[in-house]
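Trainee: Starting off with a structure, shown below.
None of the figures in this text is laboratory data; all of them are computed from the coordinates on show. Keep in mind the model is a prediction, meaning the values are calculated, not measured. Every residue, glycine as well, gets a Cβ built from its backbone with ideal geometry; the counts of neighbours run over all protein chains shown.
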Amino acid sequence: MSKVNLTIDDVPVNAAEGESILWAALDAGIYIPNLCAIRERKSPFASCRLCWVEIEGVDLPATSCTTPVKEGMKVQTRTPRVLRLVRTSFELLISHHPVDCARCAKNKKCELQRIAREFKFKLKPGKFRKLLRELPVDSSHPCFILDPNKCVLCGRCVWLCNEVQRACALDFAFRGLNTVITTSGGKPLGESDCSACRECVSVCPVGALIPK
Amino acid sequence: MTKSQIPIVKNFEMIRSQAEREWQALKIPEEPIIWIGTATCGRAAGALNTLQAIEEELAKGNIKAKIIHVGCMGHCYAEPMVTVAKPGYPPVCYGHVTPGVASSVIKNFLGGDDPCFEFLLGALEENPSIPTVFELPRFKHEFRSLLRNCGYINPEDIHQYIANGGYRGLVKALQLSPEQVIAEVKRSGLRGRGGAGFPTGRKWELCRKAKGNIRCIVGNADEGDPGAFMDRAILESDPHSVIEGMIIGGFAVGAHEGYIYVRAEYPLAVKRLRHALGQAEEIGLLGNNILSSGFDFHLELMQGASAFVCGEETALIASIEGKRGMPTPRPPYPAISGLFGQPTCINNVKSFASTSLILSQGAKLYADIGTKESKGTAVFALAGKVVNTGLVEVPMGTTLRELIFDVGGGIPKKRGFKAVQIGGPSGGCLPESKLNTPVDFASLTEAGAMMGSGGMVVLDEDNCMVDTARYFLEFTQKESCGKCTFCRLGTKQMLDILEDICRGNGSLEDIDLLVELGEDIKAGSLCNLGKTAPNPILTTIRYFREEYEAHIIEKRCPALVCKELIAYYILPDKCERSCDACVGSCPTEAVFTGKKRIKVIDQSKCVKCGSCVDACPPQYDAVVRISPVSQLPPSEPPPDKA
Ligand SMILES: Cc1cc2nc3c(=O)[nH]c(=O)nc-3n(C[C@H](O)[C@H](O)[C@H](O)COP(=O)(O)O)c2cc1C
Ligand code: FES
């Protein structure tokens with residue numbers, strides 16, 4: 001496959017043609033925050049809205065997971081406009097996420113914590129108000145627990161379950177603020193079509209799906 | 001004309017001459033003909049009761065007449081509407097035809113010779129004796145092109161469409177090459193009527209040139225925007241204009257199948273469309289080898305998933321594929337990779353209907369209407385505080401002032417104009433100072449609004465701008481698909497802030513936060529639902545900031561709307577002592593009779609429903625709203641607390 005040359009934060013990067021800026025940057029050791037991206041996924045989901053970059057010659061910031069690299073492209077990952085969008089998106093997610101890290105199984109391995117560390121953000125919703133959910137935790141499955149209150153709706157588990165494992169046990173349900181990840185028909189996980197592959201647990205960026 | 005084109009024309013000429021003979025018979029009737037508008041809007045106004053009254057009166061008087069159901073003329077304010085053609089008279093049109101009016105028209109006009117001038121809107125043809133409807137302001141300023149057949153022809157009779165110029169665009173297209181058809185649409189300057197105004201010819205060209213095996217056409221009639229009903233009216237009143245445009249589109253992009261995606265809540269549109277598809281197939285205008293041209297095209301009707309977001313093109317495609325109606329990032333655009341990954345040409349149904357006109361009349365005639373950048377006409381659903389509500393069609397470039405005051409007849413009850421919300425819940429609110437804005441894609445966007453779906457709500461001094469912004473955001477927030485962070489959570493944060501301001505709990509920093517967050521949601525959302533959701537808030541802050549400040553600083557709602565910031569008060573010197581109307585109307589028994597029999601409101605019991613205002617006879621007009629609540633004059637305590 002042919003390669004293209006670009007710069008990301010002024011660092012020369014050589015990436016495969018067709019690759020997205022996000023993966024080119026991560027491969028080059030430049031961190032761009034992301035929750036929903038999966039490399040194998042042909043059409044990116046693009047729901048978390050964290051992976052912003054600015055590209056020279058392009059008016060508006062763009063999501064790096066949906067923008068392919070191009071020869072001669074000049075990408076910046078920490079401009080004021082990028083930082084503003086990343087912060088807003090992050091604080092909105094935190095406004096809907098219980099920050100109870102000490103008691104969370106994902107403590108120190110959580111992507112939200114990582115973003116906070118990289119960007120020196122607090123794990124606080126900033127000017128926004130806290131909008132916590134009080135949904136029942138599903139621990140009916142022998143292998144893992146689903147806590148919808150912590151879910152950031154990145155959709156990785158749904159994609160894996162449906163498109164890779166073809167178990168089709170998980171999906172989105174409801175709309176707007178009520179959107180959740182659930183099983184078909186809303187059955188408890190233990191009674192669903194789950195084949196217990198546990199792939200969903202391995203891709204969850206936060207503590208919404210954790211092993212038992 | 002080449003050899004292969006001869007059968008196309010010949011086949012169509014046979015159909016057309018038959019259709020025209022039938023239409024002529026209607027124009028010069030031997031017996032009276034009664035047209036009644038029975039689209040959804042007519043029915044809502046009681047058209048079916050009117051119909052029953054007509055039938056009964058005809059039977060009673062033993063009068064012979066033919067009844068024809070037609071669609072909607074767009075004059076909602078005058079529904080139910082009935083047109084009567086009696087031999088020897090020009091066809092005349094009546095408005096507000098209640099069953100009583102219907103009976104008397106039948107009895108006096110058809111049974112006698114009195115055309116009942118008191119109920120008449122006007123004649124539909126020039127004539128020496130009866131003034132025509134075209135002299136009415138609504139008709140005078142309008143320019144009917146997309147709506148030309150609505151309310152005039154029977155939507156269930158394909159021949160009536162054909163007799164009025166229908167399917168001539170298709171016949172023309174089939175004699176051209178697909179590239180020539182695309183060139184003609186490009187030359188017309190037509191831009192998509194689904195909201196964003198993308199050039200239709202360019203979209204068709206992109207789709208035609210895209211790599212793929214199977215191409216597909218999709219007609220978007222999801223129309224989930226509250227208060228918008230132009231697509232419904234066209235489907236109910238003139239379905240063939242859409243079908244014809246879709247076949248032309250199919251021919252141009254090289255598709256052999258198409259879907260019309262109709263909102264689930266439109267049962268009558270679905271029924272009439274289904275009927276129309278059947279008729280078009282029956283006479284060979286749809287299906288295999290259309291008019292012996294060798295071109296095959298099949299159309300299927302799909303019912304929507306009852307979600308606003310399913311009108312967004314990528315979500316709509318997901319919905320047809322049987323998936324959750326959730327938008328996906330663009331590019332790729334559907335024209336390149338849409339339904340099942342194949343090139344898909346998706347247009348609004350009005351865009352398709354426009355292409356039938358463009359092909360039959362020629363691109364030049366179409367391009368002569370409108371402005372340099374926005375060609376043709378715009379259809380709006382005019383609602384809110386305006387005299388002549390309904391569907392209006394005007395050339396692009398008409399100013400908002402003309403639209404609201406000339407076509408719409410201005411603001412009722414002598415109230416003052418305050419703002420107009422254009423483009424539905426994702427549009428913007430424009431003030432008096434923007435009334436000279438011409439309606440075209442660029443001007444509206446620049447003013448902070450957008451063409452959008454064509455919803456247009458007029459607001460007067462009794463509308464609170466903060467409450468209006470809250471109302472529209474409540475809709476988009478609920479309809480967010482929940483996929484992306486900005487739209488799912490950002491709109492909810494904004495809504496909470498607005499609700500606080502409406503309750504008098506806001507702070508001045510909240511205004512800045514609304515603006516900042518609104519800008520971020522516009523920049524950061526995945527699809528146009530989120531990208532446009534902050535528009536009503538951003539425009540009301542831009543043009544009516546002082547109203548936000550009044551709510552926050554003075555706890556005052558200038559329009560006296562926000563419940564928490566107003567109190568009801570009975571003016572003692574206006575109260576007619578022996579009248580008890582307000583007492584009886586109050587659901588919580590908050591109104592009591594005080595000293596000298598003057599009525600007083602017990603504020604601790606009042607739920608601010610406003611029943612007492614409505615109940616107080618207009619000649620006394622004693623109940624008023626007061627804001628801020630701290631301005632309430634002291635009043636006597638209720639007897640149980642005295
Ligand atoms: C939330 C949302 C709802 C929409 N609803 C409709 C709709 O009901 N009808 C429509 O034609 N376009 C709707 N659109 C626009 C479509 O995505 C698309 O742009 C349009 O169908 C293209 O047709 P056109 O080129 O003829 O305008 C909507 C867009 C968004 C973001
Ligand atoms: S990683 Fe790009 S939007 Fe989530």
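Trainee: For the protein assembly as shown, with only Lys/Arg (+1) and Asp/Glu (-1) charged at the beta-carbon, what is the dipole magnitude about the Cα centre, in debye rounded to 20? Working shown, then result.
Mentor: Details: 100 positive and 96 negative charges, 436 e Å.
Magnitude of the dipole: close to 2100 debye.
Trainee: From other protein chains only, count the Cβ atoms within 10 Å of every residue's Cβ in A:175-188, then give the mean.
Mentor: Working: counts 13, 13, 9, 4, 7, 1, 0, 0, 0, 0, 0, 0, 0, 0.
Mean partner-chain Cβ count within 10 Å for A:175-188: 3.
Trainee: Counting other beta carbons within 10 Å of each Cβ, put B:THR314, A:THR79 in order, fewest first.
Mentor: Numbers: B:THR314 21, A:THR79 14.
Ranked by crowding around the Cβ, least crowded first: A:THR79, B:THR314.
Trainee: To check my understanding: the extent here is largest minus smallest coordinate of the Cα atoms along each principal axis. What are those three numbers for the protein assembly as shown, in Å, largest first?
Mentor: 97, 91, 53
Trainee: Here's something else I'd like to know. Return the ratio Rg/(2.2 N^0.38 Å) for segment B:466-553, where Rg is computed over Cα atoms only. It would help to have the intermediate numbers written out before the result.
Mentor: Details: Rg = 11.9 Å, N = 88, 2.2 N^0.38 = 12.1 Å.
Relative to the 2.2 N^0.38 Å estimate, segment B:466-553 comes out at 0.99.
Trainee: Moving on. Given segment B:1-145, what whole percent of its Cα pairs are spread farther than 28 Å?
Mentor: 27
Trainee: Taking the Cα centre of chain A as the origin, how large is its charge dipole in debye, to the nearest 20, when only Lys and Arg (+1) and Asp and Glu (-1) carry charge on their Cβ atoms?
Mentor: 840
Trainee: List, in the order given, every pair from B:LYS66/B:LYS107; B:LYS186/B:LYS350; B:LYS522/B:LYS608; A:LYS127/B:LYS605; B:LYS478/B:LYS605; B:LYS413/B:LYS563 whose Cα-Cα distance in the structure shown is over 27 Å.
Mentor: Values: B:LYS66/B:LYS107 15 Å; B:LYS186/B:LYS350 16 Å; B:LYS522/B:LYS608 36 Å; A:LYS127/B:LYS605 36 Å; B:LYS478/B:LYS605 32 Å; B:LYS413/B:LYS563 23 Å.
Check vs 27 Å cut-off fails for B:LYS522/B:LYS608; A:LYS127/B:LYS605; B:LYS478/B:LYS605.
Trainee: Give the distance, in whole Å, between the Cα centre of segment B:129-204 and the Cα centre of segment B:556-604.
Mentor: Using only Cα atoms to place each centre, the spacing works out to 55 Å.
Trainee: Go through B:VAL392, B:GLY201, B:VAL629 and say which Cα lies farthest out towards the positive end of the charge dipole of chain B; charges sit on Cβ, +1 for Lys and Arg, -1 for Asp and Glu.
Mentor: Of the candidates, B:GLY201 comes out farthest on the positive side.
Trainee: Please work out the Cα convex hull volume for segment A:133-212 and give it in Å³ per residue. If you can, show how the numbers build up before the last one.
Mentor: On the way: hull volume 6.5 nm³, N = 80.
Enclosed volume per residue, from the Cα hull, is 82 Å³.
Trainee: More than 27 Å apart: what percent of Cα pairs in segment B:292-422 qualify? If you can, show how the numbers build up before the last one.
Mentor: Numbers: 3923 of 8515 pairs.
Here the long-distance tail beyond 27 Å is 46 percent of all Cα pairs in segment B:292-422.
Trainee: Relative to the compact-globule scaling 2.2 N^0.38 Å, provide the ratio for the alpha-carbon radius of gyration of segment B:566-641.
Mentor: Working: Rg = 11.1 Å, N = 76, 2.2 N^0.38 = 11.4 Å.
Working it through for segment B:566-641, the quotient is 0.98.
Trainee: Same structure again: Would you kindly derive the ³J(HN,Hα) couplings of segment B:393-410 from the backbone phi angles with the Karplus curve 6.51 cos²θ - 1.76 cosθ + 1.60 (θ = phi - 60°), listing them in order in whole Hz, with x for Gly and Pro?
Mentor: Ordered by residue, 3J(HN,Hα) equals 10, 9, x, 4, x, 4, 7, 4, 4, 4, 4, 7, 8, 8, 6, x, x, x Hz.
Trainee: Take the residue pairs A:LYS42/A:LYS106; B:LYS323/B:LYS372; B:LYS209/B:LYS364; B:LYS434/B:LYS492 and return only those whose Cα atoms are more than 32 Å apart. Each step should come with its number before you reach the end.
Mentor: On the way: A:LYS42/A:LYS106 28 Å; B:LYS323/B:LYS372 41 Å; B:LYS209/B:LYS364 25 Å; B:LYS434/B:LYS492 29 Å.
Flagged as over cut-off: B:LYS323/B:LYS372.
Trainee: Straight-line reach only, C-alpha to C-alpha below 23 angstrom: list the lysines that B:LYS10 could link to, leaving out same-chain residues fewer than 8 apart.
Mentor: B:LYS172
Trainee: Taking θ as phi - 60°, what are the ³J(HN,Hα) couplings along segment B:29-39 by the Karplus curve (6.51, -1.76, 1.60), each to the nearest whole Hz, with x for Gly and Pro?
Mentor: Result, ordered by residue: x, 8, 10, x, 10, 10, 9, 10, x, 10, 6 Hz.
Trainee: Could you list, bin by bin from short to long, the percent of Cα-Cα pairs of chain A in 10 Å steps?
Mentor: 8, 32, 33, 21, 6, 0
Trainee: Tell me which chymotrypsin sites (Phe, Trp or Tyr not before Pro) from segment B:111-208 have a DSSP coil assignment and no more than 13 other beta carbons within 10 Å of their own. It would help to have the intermediate numbers written out before the result.
Mentor: Values: sites: B:PHE117, B:PHE119, B:PHE134, B:PHE139, B:PHE143, B:TYR152, B:TYR161, B:TYR167, B:TRP204; in loops: B:PHE143, B:TYR152, B:TYR167.
Here no chymotrypsin sites (Phe, Trp or Tyr not before Pro) fit, given the DSSP loop and packing criteria.
Trainee: Peptides B:542-548, A:26-32, B:104-110: what's the order by average Cβ count within 10 Å, highest mean first? List each step's numbers first, then the result.
Mentor: Details: B:542-548: 18.0, A:26-32: 16.3, B:104-110: 20.1.
Peptide ranking by packing, descending: B:104-110, B:542-548, A:26-32.
Trainee: Helix hunt in chain B: which complete DSSP H runs extend at least 20 Å axially by C-alpha with mean Kyte-Doolittle at least 0.5?
Mentor: Working: long enough: B:6-27 (31 Å, -0.51); B:239-253 (21 Å, 1.21); B:267-282 (23 Å, -0.48); B:465-479 (21 Å, -0.52); B:508-524 (24 Å, 0.26).
Taking the DSSP H segments of chain B (at least 20 Å long, mean hydropathy at least 0.5), we get B:239-253.
Trainee: Sticking with this structure for a sec: Given the -39500 (n - 2.57) contribution per DSSP H run of 4+ residues, what per-residue ellipticity at 222 nm results for chain B, rounded to the nearest 500 deg cm²/dmol? Let's see the in-between values first.
Mentor: Numbers: 23 runs with 232 residues, N = 642.
Result for chain B: -10500 deg cm²/dmol, rounded to the nearest 500.
Trainee: Using DSSP, restrict attention to beta bridges with both residues in the protein assembly as shown and report what percent are antiparallel, rounded to the nearest 5. Before the final figure, lay out each step's value.
Mentor: Values: 55 of 84 bridges.
If I count the DSSP bridges inside the protein assembly as shown, around 65 percent turn out antiparallel.
Trainee: Residue by residue through B:522-531, how many Cβ atoms from other chains fall within 10 Å of the Cβ on average?
Mentor: On the way: counts 0, 8, 12, 1, 7, 1, 0, 0, 1, 0.
The mean count of partner-chain Cβ atoms within 10 Å per residue comes to 3.
Trainee: Moving on to the next point. Could you tell me the calculated FRET efficiency between B:LEU571 and B:LEU365, based on Cβ-Cβ distance and R0 = 56 angstrom, to the nearest 0.05? Walk me through the numbers before you get to the answer.
Mentor: Numbers: r = 61 Å, r/R0 = 1.09.
According to the calculation, E is roughly 0.35.
Trainee: Determine Rg/Rh for chain B; Rg is computed over alpha-carbon atoms and Rh is the Kirkwood hydrodynamic estimate from the same atoms.
Mentor: Values: Rg = 27.6 Å, Rh = 26.9 Å.
Ratio of gyration radius to Kirkwood radius: 1.02.
Trainee: Now for a different question. Based on DSSP, what percent of beta bridges with both residues in chain B are antiparallel, to the nearest 5? Mind dumping the intermediate values first?
Mentor: Working: 36 of 63 bridges.
The answer is about 55 percent antiparallel.
Trainee: Still on this structure, I have one more. Which whole-percent values make up P(r) of segment B:212-294 when all C-alpha to C-alpha distances are grouped in 5 Å steps starting at zero?
Mentor: P(r) for segment B:212-294, in whole percents per bin: 3, 14, 24, 24, 17, 11, 5, 2, 0.
Trainee: When we measure straight from the Cα of A:LYS3, which aspartates and glutamates land under 18 angstrom away, once same-chain ones fewer than 8 places off are left out?
Mentor: Straight-distance partners of A:LYS3: A:GLU17, A:GLU19, A:ASP27, A:GLU71.
Trainee: What range in chain A is the longest one free of GluC sites (Glu not before Pro) that are in a loop by DSSP and have at most 12 other Cβ atoms within 10 angstrom?
Mentor: Details: sites that count: A:GLU17, A:GLU40, A:GLU56, A:GLU71, A:GLU134.
The longest uninterrupted stretch comes out as A:135-212.
Trainee: Still on this structure, I have one more. So what are the three principal axis dimensions of segment B:405-558 from its Cα atoms, in whole Å, longest to shortest?
Mentor: The principal-axis extents, from largest down, are 44, 38, 22 Å.
Trainee: Average the reciprocal distances over every distinct pair of alpha-carbons in segment B:377-463, invert the result, and give the Kirkwood radius in Å.
Mentor: Working: mean 1/r = 0.0810 Å⁻¹.
Result for segment B:377-463, one decimal place: 12.3 Å.
Trainee: Over the whole of A:166-173, what's the average partner chain Cβ count within 10 Å per residue? Rounded to a whole number, please. Intermediate results must be reported in sequence, preceding the final value.
Mentor: Numbers: counts 0, 0, 0, 0, 0, 2, 5, 2.
Counting Cβ atoms of other protein chains within 10 Å of each residue's Cβ and averaging gives 1.
Trainee: Ok, one more. Please give the charge dipole size of segment A:133-212, origin at the Cα centre, charges +1 on K and R Cβ atoms and -1 on D and E Cβ atoms. Round to the nearest 20 debye. Numbers along the way, then the final one.
Mentor: Numbers: 8 positive and 8 negative charges, 26 e Å.
Rounded to the nearest 20 debye, it is 120 debye.
Trainee: Continuing with the same structure: Normalised by the empirical 2.2 N^0.38 Å for globular proteins, what value does the Cα Rg of segment B:134-227 take?
Mentor: Cα Rg divided by the expected 2.2 N^0.38 Å: 1.36.
Trainee: Percent of Cα-Cα pairs more than 24 Å apart in segment B:507-642, please. Provide the component values of the computation, followed by the final result.
Mentor: On the way: 4244 of 9180 pairs.
Above the 24 Å cut-off, segment B:507-642 has 46 percent of its Cα pairs.
Trainee: So in segment B:22-142, what percent of DSSP beta bridges are antiparallel if you round to the nearest 5?
Mentor: Close to 60 percent.
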